[in-house]
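Q: Handing you this structure, nothing more for now.
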Amino acid sequence: MRKELLQLKRDKLTFGMIVGIPVMQMLLFGFAINTDVRNLVAGVANEADSHLSRQLIADLEQTQVLRIDYVVASPDELESLLRGGKISIGIYIPPDFDRRSIDARRSAAQLLVDGVDPTVLGVANQIRNLPLKFDSIAGQKERASTFEIRPYFNPEHRSSVFVIPGLMGMILTLTMMLFTAVAVVREREHGNLELLINTPISTTQLMTGKVIPYILIGLIQLTLIMAVGDLLFSVPLRGSILELYIASSVFIAANLALGLFVSTVVKTQFQAIQVTIFFLMPSILITGFIFPFEGMPGIIQVIGEALPTTHYIRLTRGIMLRGATLFEMRMELLALAVFTLIAMVAAIQRFTKRLD
C-alpha cells in the first residue's frame, strides 16, 4: 500500500486526474444540465410592422427564452438563417397580423423551428401557448396568442436524427486522439521514435507523417458511421457528401494534432488514455451534443467554443440535416482549421523542445 501511494505521489499527472476528473464532472454536469432553456437565438420577419406586431416581439423578448439577433424582411430569409444554423427559431409575422390577432379561429403568426433539436421544439410549444398582451385591442386586455409551428429538417421528431451526427464527432474525437497519442508514446517506450529522429527528416515531416495515415482511417470510420446511420436509423444527408468529408478531414486533423500534443506531455500509454478521457468529457457535455449550447452560462460557452467538437457538431448537423453548404458555415470550418494549426504548431514546438 505504501509503495502504491509513493508511486502515485511521483506520478503527478495521475494524481492530478484523480483530483481533477471528479471536480470537472461536478462543474460540467452542474452547468451543462440545464432544462430551463434561455436565450435561444431567434430571427424575426415582421411584415405587419404595426404596434401590435412590435408589442408581440417585445413580449417574446421579455420571456428571456428567445434572444432576437436577426431582423429580416421575409420568411425566405428566416429559412436561410435556419439552414445555416444561425438561428433556432424564426418568428414570421404576416402583413394581416392585426386582423389575425383578433380572430381567435386563425393563427396570428408562425414559428419556424429548427426541429433537429427536440429541446428547441419544446420551447416553441411553450411559446405558442404563452399569453401575450395587446393593449390596443378594445375590450381585450389579454389574450392567448396562437402561433402556427412549422418544424424544419426533422418533421418526424426522431431523436436519432439529432443524436447520430453529434455521435460522429464523439467517436472521431475519442479514436483519433487516442490512436495518435498512444501510438507515439508506444514508439517512444519501445525506442522506435529515437530511430526515426536519427533519420534525416525534420520534426514537421515526422509529425505530418504520423497524422496523414490516421486521417484516412478516420474517414473510413466516418463512412462506417454514416452507413449504419442510414441503414438502421434513416439519418438523412441533405447536403453535399464531398463537403461533409472536407469538414470531417479538418476535424480529424484537429484531433490528431491534439493527440500529438498530448503525446509530448505524457510519459506512458496509460497517461495518454487518461488525458483523452479527461478531454472527452467536456466534448460530450458542453458542445451542444446533448444539451442546448445557448442555455449554458457565458463562461461555459466560451470554453465550449474553444473545443473542435463544438464546431464539428454544428457542421455535421448543418450539412446532413439542414442541407447547409460549407460557405454558409465557413466560420465553423475556419475555427477547426485555426485549432488544427495551433495544436500542430504547439505539438511540433514541444516535441522539438523535448529532443533538445
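Q: Only loop residues by DSSP count here, and only those with at most 13 other Cβ atoms within 10 Å; note down the chymotrypsin sites (Phe, Trp or Tyr not before Pro) in region 267-356 that meet that.
A: For chymotrypsin sites (Phe, Trp or Tyr not before Pro) across region 267-356 that sit outside H, G, I, E and B with at most 13 neighbouring Cβ atoms in 10 Å, the list reads Phe327.
Q: Report the FRET efficiency, 1/(1 + (r/R0)^6), for Tyr70 and Leu237, where r is their Cβ-Cβ distance and R0 is 25 Å, rounded to 0.05.
A: 0.40
Q: Which one, Val65, Asn46, Val228, projects farthest toward the positive side of the charge dipole computed for the chain from Cβ point charges (K/R +1, D/E -1)?
A: Val228
Q: Antiparallel as a % of all DSSP beta bridges within the chain, to the nearest 5?
A: 30 percent
Q: So which DSSP H runs in the chain come out at 24 Å plus along the axis (Cα) with average Kyte-Doolittle of at least 1.0?
A: 12-32, 159-190, 203-233, 241-265, 269-285, 330-355
Q: Check Ala324: other-chain or 5+ apart residues with amide H under 5 Å from its amide H, H built from backbone geometry?
A: Excluding prolines and chain starts, which carry no amide H, the hits are Ile319.
Q: Which peptide among 42-53, 100-111, 253-264 comes first, and what is the full order, when sorted by highest mean count of other Cβ atoms within 10 Å?
A: So the order, starting with the most tightly packed, is 253-264, 42-53, 100-111.
Q: Apply the Debye scattering formula to region 240-305, with a single equal point scatterer on each alpha-carbon and no solvent, then give log10 I(q)/I(0) at q = 0.16, 0.22, 0.24, 0.25 Å⁻¹.
A: Cα-only, vacuum Debye calculation for region 240-305: -0.73, -1.01, -1.03, -1.04.
Q: If we restrict to alpha carbons, what Rg and Dmax does the chain come to, in Å?
A: Here Rg and the maximum Cα pair distance are 24.7, 88 Å.
Q: Please report the base-10 log of the normalised intensity I(q)/I(0) for region 158-355, using a Debye sum with one equal scatterer per alpha carbon and no solvent, at each q in 0.08 (1/Å).
A: One equal scatterer on each Cα of region 158-355 leads to -0.27.
Q: Additional query: What is the dipole size for the chain, taken about its Cα centre, with +1 at each Lys and Arg Cβ and -1 at each Asp and Glu Cβ, in debye to the nearest 20?
A: Approximately 1160 debye in magnitude.
Q: Let me ask something else. Quickly estimate the mean residue ellipticity at 222 nm for the chain, helices only: each DSSP H run with n ≥ 4 gives -39500 (n - 2.57), and the total goes over all residues, rounded to 500.
A: -20500 deg cm²/dmol
Q: Can I ask one more? In nm, to one decimal, how far is the modelled label at Glu156 from the one at Thr204, with both set 7 Å along Cα→Cβ?
A: So the two model labels end up 5.0 nm from each other.
Here, each number is a calculation from the coordinates, and none is a lab measurement. Remember, predicted model here, so these are calculated numbers, not experimental data. Methodologically, a virtual Cβ is constructed for each residue, glycine included, from the backbone with ideal geometry; neighbour enumeration extends over all protein chains shown.
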